[in-house]
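Heads up, the thing below is written out as structure tokens.
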Amino acid sequence: MILKCIFAKIKIIVSKSAPTSLAIKLAEKYGVTLIGFARKNKMNIYVNQFRIKKR
């Protein structure tokens, strides 16, 4: 899924589940913000946090 987003030039990916280690490496290499375990008001930001505003 990360490769499809890279080819489509999508810069932020949000998932309810955990990303694989390969997805994290690819997101870091290609500048994609990768978020996992998104639930209600919580989420884990794995790479490229600069795109996400924290409250």
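Look at the range 20-49: where a residue is in a strand (DSSP E or B) and a partner is of a type in the set (S, T, N, Q), sitting 6+ places away or on another chain with Cβ atoms under 6 Å, you get T33/N48; G36/S15; G36/N44; F37/N44.
The sole residue among K11, K54 that is open to solvent by 80 Å² or more (accessible area, probe 1.4 Å) and under 9 Å from the mean Cα position of the chain (by Cα) is K11. Can you pull out the residues in the range 20-36 that are open to solvent by less than 90 Å² (accessible area, probe 1.4 Å) and under 21 Å from K54 (Cα atoms)? Those that are open to solvent by less than 90 Å² (accessible area, probe 1.4 Å) and under 21 Å from K54 (Cα atoms): I24, A27, G31, V32, T33, L34, I35, G36.
The values are calculated or read from the model by the stated rules, or taken from the named source; none is laboratory data. Note that the structure is a prediction, hence the values are computed from the model and not measured. Every residue, glycine as well, gets a Cβ built from its backbone with ideal geometry; the counts of neighbours run over all protein chains shown. Areas reflect the complete protein model, heavy atoms only, side chains present, ligands, DNA and RNA absent. Shrake-Rupley method; radii C 1.70, N 1.55, O 1.52, S 1.80 Å.
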